[in-house]
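Down below is the structure, laid out as structure tokens.
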Amino acid sequence: MKKYYDGLINREKNFPTGLQLEDYGVSIPHTDPETVTKDFIAVVRPSFPIMFSLMEDNDKNIPVDLCFFIGLKDGKRSPLVLVELISLIQNHKLILSILNEKNREKIIEKIQEVRFT
């Protein structure tokens, strides 16, 4: 776990993952496959926005409302999962419904409806 955490922090410093969309900020923190012991995508909706550097401009920070942490042991799958995740993130209606949902189980159901390669 420490290897994953350290890799995540280092990668985020060099290659930030903050994305500003129309009504919300999202991040997709991830790191090298050798730090992952089991595949996962963890969805984190913080109680209050967390500042992340913009993907396209390290010098600008944005408040992030939703984080999708990725851990994949097979690095070849990463680009496919990222493409699907970007598609999900751009689904304005879905993301707003997740951000406005209070029931954790319903949030999980909404996310599980999305297929990841």
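The values are calculated or read from the model by the stated rules, or taken from the named source; none is laboratory data. All values reported here derive from a predicted model rather than from experimental measurement. Backbone-built Cβ (ideal geometry, glycine too); neighbour counts: all protein chains shown. Calculation scope for accessible area: heavy atoms of the full protein, side chains included, ligands and nucleic acids excluded. Shrake-Rupley method; radii C 1.70, N 1.55, O 1.52, S 1.80 Å.
Overall, the accessible surface of the chain at a probe of 1.4 angstrom is composed of carbon and sulfur to the extent of 54 percent.
Where in the chain lies the longest segment free of trypsin sites (Lys or Arg not before Pro) that are both loop residues by DSSP (not H, G, I, E, B) and have at most 16 other Cβ atoms within 10 Å?
1-37
Out of all DSSP beta bridges with both ends in the chain, state the antiparallel percent to the nearest 5. Counting only bridges with both partners in the chain, antiparallel ones make up about 75 percent.
The calculated pair-distance distribution of the stretch 52-117 uses every alpha carbon pair, bins of 5 angstrom beginning at 0, and gives 3, 14, 21, 23, 20, 14, 5, 0 percent. Approximating the spin labels as points 7 Å out from Cα along Cα→Cβ, the R45-to-N100 distance works out to 1.1 nm. Extension gain, E56 to R11, is 14.8 nm, computed as 0.36 nm per intervening residue step minus the present C-alpha separation. Residue by residue, the stretch 15-27 carries 3J(HN,Hα) couplings of 9, x, 10, x, 10, 9, 10, 3, 10, 7, x, 9, 10 Hz when phi is fed to the Karplus relation 6.51 cos²θ - 1.76 cosθ + 1.60 (θ = phi - 60°); x denotes Gly or Pro. Projecting the alpha carbon convex hull of the chain along each direction and taking the average yields 7.2 nm².
Nearest 20 debye, what's the magnitude of the dipole of the stretch 1-94 about its Cα centre given +1 on Lys and Arg Cβ and -1 on Asp and Glu Cβ? Walk me through the intermediate numbers first.
Working: 11 positive and 13 negative charges, 75 e Å.
Around 360 debye, computed over the stretch 1-94.
Per residue, the accessible area of the chain comes to 65 Å² when a 1.4 Å probe rolls over the protein heavy atoms.
Based on the inverse mean of 1/r over its pairs of different Cα atoms, what is the Kirkwood hydrodynamic radius of the stretch 1-62, in Å?
Numbers: mean 1/r = 0.0796 Å⁻¹.
Averaging 1/r across every pair of different Cα atoms and inverting gives 12.6 Å.
For the stretch 15-48, the residues whose amide N sits under 13 Å from a probe point set 7 Å from the Cα of E84 along the beta carbon direction are 40-42.
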